[in-house]
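> A single structure is presented below for examination.
Bear in mind these aren't lab numbers, they're just calculated from the coordinates by the rules spelled out. Computed from a predicted structure; not experimentally measured. Cβ placement follows ideal geometry from the backbone for every residue including glycine, while neighbour counts extend to all protein chains displayed.
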Amino acid sequence: MPARTRTSRAVTLGLILATVAAASPAASPAASAAAAPSHGGAQSLGPNVTVFDPGMPVGQIQAALDAAHTSQVDAEMGTSRYAFLFKPGTYGSAEQPLQIKVGYYTEIAGLGGSPTDVVINGKVEVYNRCLADGGTGNCLALVNFWRTLSNLSLTVNASGQDSCRASANFWAVSQAVSMRRLNVSGANLSLMDYCTAGPQYASGGFIADSRLPFVINGSQQQWLTRNSEVAGWSNAVWNQVFAGVTGAPDDAAFPDPPYTTLATTPVSREKPYLFVDAKGRYQVRVPSARRNSSGITWAAGLTPGRTIPLSDFHVATPRDSVRTINTQLARGKHLLLTPGVYDIGRSIEVRRPNTVVLGIGHATLTAVGGATPLGVAGVPGVVIAGVTIDAGLTESPVLLRVGRKHGFEFTMPNNPTTLSDVYFRVGGPHVGKADTALEVNSDHVLIDHTWVWRGDHGVEGFTDTERWNTNTGRYGAVINGDDVTATGLFVEHFQRYNTVWNGERGTTILYQNELPYDPPTQADWMNGDVEGYAGYKVGDRVRKHTLYGGGVYVFNQNNPSIHTENGFEVPNRPGVTLHHVMTVNLSAGTIDHVVNGTGEAADTTRIGAPVYLPHYPKSP
């Protein structure tokens, strides 16, 4: 997403609300020192993990969280990482609510076995970020990336806030932000910030395994809600998808509004989570995979799955060598990556079935010397969760590889290898180079929320022309395995195909793509004799593939005359079907057709107005 104003369709909230500026929190001591980690296992989670106990004064907790927000609210390309974990109990009260604002690279999570074990009376929020006029203008959520909220109950209490802020709990975010295992009550949840001066655009996002009040989707351009309960939903911009959601809106009128609703999710597995048991011991719960499921996993108590004691994990810090990590994995340990940035000069190798690699606080692996930071063998049940993987200065062939193209594979449909909240960056915080970000060669893999991003902006100081030749990434996601499912596949700005799907019987539920902004000329953006590369390519030999809710966006700001022939390119076979797909022009460049020469052009005569194709091939 660009760090600039972008055209979006007007959204009507049906409310007349005052516009106010959010007050900046006062500076306070470093968050990592504000609350000492508790005994019983948390002392091993590193200096950037703070564990709160319900007996702590609310003011002390508030000060720690305010300090973290102050340091992280503008740290889009920073290196600090934080996790704030809440032991079971109640935090805040009607008289003194706990009001949390979440900045970059910050995780807020409960440590209960169920979301109802940790209750926050107050708010947990993200507001628009203001990028101009000394932090008062161009206020939007388009760059509110990289933060996590999970596994707690939130009783919304806006005591002390003005009438606009009191109207909802605001979660104004875009990509690489997840909400999981939440129980929210007391007021609406708004996925946009309509209280800060505009333009108020947002481009998220993801919710799973949550029980929610009425949701104001607002200006969100795309959103996936999976296996949840909602009391109601309003507003839609371009592409809103629901899978296995009780209370989801009907999609019969698509594209007005542009809802896509599946009664069940064909394959799902919830993300592993830390919790503290009744004896104060730290454990990791690993949910089981489900098929054709709907609703939350915790309605009847503990989410079905297996529990692994933290003592069975190697708890790593950025000081650990890859040799040490691989030795521990080979001995049968699981891996917990504590918050920080890890320089990875050779692959972390996950070779044993059912191994869990869990990152907290947006732990980040950065490729060094052209390494592939993470490799997963073709074995069943591996779970990779909560990890960001960055390209480095020397080109890597791939950043995360699951299985080998040629070699022994042993996979199981009822125990898929799963990637949850795994994010990729090529450029942004530094120069990055990779041929391919994510390569999946194994069968029966589940990709549950990923953002695969070649940076369209960053701290490198390049012009857009320079970025095209310096931050190089050819392919975002390449799927070669059969029976792979993706729920929430966000891939942006790669220099050839953003996504290539060669495996049979693949399923994608919500796809979002922006084509690269920065090709200097049409000659730089040619696929042989074809103008440009489709944002989503299904291999020519594939016989069965399904996509629900897909969007490809164009913004060729470097050269607005550039054309891309198709947003989607798929084999013309009855078994290859696309449901509710669209292209849209964000103010520069042209996509000539939605898919395979079908659909009108998304050009500058219809900026911000999507070109929809309800079905491909066209339904009889």
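> Return the subset of Lys271/Lys433; Lys271/Lys333; Lys333/Lys433; Lys87/Lys333; Lys433/Lys544 for which the Cα-Cα distance in this structure is over 22 Å, preserving the input order.
Lys271/Lys433; Lys333/Lys433; Lys87/Lys333; Lys433/Lys544
> Mind ordering 552-562, 583-593 by average Cβ neighbours within 10 Å, highest first?
Sorting 552-562, 583-593 by mean packing, highest first, produces 583-593, 552-562.
> Here is a further query. For Val73, list long-range residues whose amide hydrogen, built 1.01 Å from N in the peptide plane, is under 5 Å from its own amide hydrogen.
Tyr104
> Counting pairs of alpha carbon atoms under 8 Å apart in space and at least six apart in sequence, what relative contact order in percent does segment 40-267 give?
On the way: 622 pairs, mean separation 28.0, N = 228.
Rounded, it is 12 percent for segment 40-267.
> Assign one of three labels to segment 128-222, namely rounded, prolate or oblate, based on the Cα gyration tensor with a ≥ b ≥ c the square roots of its eigenvalues; rounded applies when a/c is under 1.5, prolate when it is not and a/b is larger than b/c, and oblate otherwise.
Oblate shape, in that a/c is at least 1.5 and b/c is the bigger or equal ratio.
> Compute the signed sum of charges (Lys and Arg +1, Asp and Glu -1) over the other residues within less than 9 Å, Cβ to Cβ, of His493.
-3
> When the helix-only estimate is applied to the chain (DSSP H runs of n ≥ 4, each -39,500 (n - 2.57), divided by the residue count), what is the mean residue ellipticity at 222 nm, nearest 500 deg cm²/dmol?
-1500 deg cm²/dmol
> Tally the DSSP beta bridges in the chain and give the antiparallel ones as a percent, rounded to 5.
15
> Mind ordering 96-109, 602-615 by average Cβ neighbours within 10 Å, highest first?
Output ranking for 96-109, 602-615: 96-109, 602-615.
> So, in nm, how far is label Ala132 from label Met526 when the simple model puts each one 7 Å beyond its Cα toward the Cβ?
Between Ala132 and Met526, the label points sit 3.7 nm apart.
> If each residue's Cβ is checked for other Cβ atoms within 10 Å, how do Leu489, Leu438 rank with the fewest at the top? Intermediate results must be reported in sequence, preceding the final value.
On the way: Leu489 29, Leu438 25.
Ascending number of Cβ neighbours within 10 Å: Leu438, Leu489.
> Using alpha carbon centroids, what distance separates segment 384-413 and segment 576-604, in Å?
If you average the Cα positions of each part, the centres end up 31 Å apart.
> Find the relative contact order for the chain and round it to a whole percent, using C-alpha pairs within less than 8 Å whose residues are 6+ positions apart.
Relative contact order comes out at 8 percent.
> How high is the relative contact order of segment 523-581, given as a whole-number percent (alpha carbon pairs under 8 Å, six or more residues apart)?
Relative CO of segment 523-581 lands at 47 percent.
> With Cα extents along the principal axes in Å as the read-out, I listed (1) 67, 60, 48; (2) 86, 67, 60; (3) 74, 67, 50; which label goes with the value calculated from this structure?
(1)
> Let me ask you something else. Hey, got the Cα dimensions of segment 557-603 along the principal axes, in Å, largest first?
38, 17, 15
> When a/c is below 1.5 the answer is rounded, else prolate if a/b is larger than b/c, else oblate, so apply that to segment 316-616 with a ≥ b ≥ c taken from the square roots of the Cα gyration tensor eigenvalues. Don't jump to the answer; show the numbers that get you there.
Values: a/c = 2.28, a/b = 1.39, b/c = 1.64.
Since a/c reaches 1.5 but b/c is at least a/b, the shape of segment 316-616 is classed as oblate.
> Okay, moving on. Taking neighbour Cβ counts within 10 Å as the exposure measure, how do Thr225, Thr327 sort from fewest upward? All intermediate terms of the calculation are to be shown ahead of the outcome.
Details: Thr225 29, Thr327 12.
In order of increasing Cβ crowding within 10 Å: Thr327, Thr225.
> Please report the net charge: other residues with Cβ closer than 14 Å to the Cβ of Ala172, K and R +1, D and E -1. Provide the component values of the computation, followed by the final result.
Numbers: positive: Lys101, Lys123, Arg129, Arg147, Arg165; negative: Glu125, Asp193.
Every neighbour counted, the sum reads +3.
> Out of the chymotrypsin sites (Phe, Trp or Tyr not before Pro) in segment 377-442, which ones are loop residues according to DSSP with at most 10 other C-beta atoms within 10 Å? Walk me through the intermediate numbers first.
Working: sites: Phe408, Phe410, Tyr423, Phe424; in loops: Phe408, Phe410.
Sparse-neighbourhood loop chymotrypsin sites (Phe, Trp or Tyr not before Pro): Phe408.
> So if I take the centroid of the Cα atoms in segment 84-152 and the same for segment 443-498, what is the distance between those two points in Å?
Measuring centre to centre over Cα atoms gives 28 Å.
> Additional query: Which aspartates and glutamates does Lys101 reach when only Cα atoms under 20 Å apart count, and residues fewer than 8 places away in its own chain are ignored?
Straight-line reach from Lys101, under 20 Å: Asp53, Asp66, Asp74, Glu76, Glu125, Asp162, Asp193.
> How would Thr79, Thr546 line up from fewest to most surrounding beta-carbon atoms within 10 angstrom?
Thr79, Thr546
> Taking a ≥ b ≥ c as the square roots of the eigenvalues of the Cα gyration tensor of segment 269-320, is the shape rounded (a/c under 1.5), prolate (a/b larger than b/c) or oblate? If you can, show how the numbers build up before the last one.
Values: a/c = 3.10, a/b = 1.70, b/c = 1.83.
Taking the square roots of the gyration eigenvalues as a ≥ b ≥ c, segment 269-320 is oblate.
> Between segment 426-441 and segment 267-313, how far is it from one alpha carbon centroid to the other, in angstrom?
Each part's Cα centre sits 31 Å from the other's.
> Same structure again: How much length is gained if the chain between Ala300 and Asp250 is pulled fully straight, taking 0.36 nm per residue apart and subtracting their Cα-Cα distance, in nm to one decimal?
Separation in residues times 0.36 nm, less the Cα-Cα distance, equals 15.3 nm.
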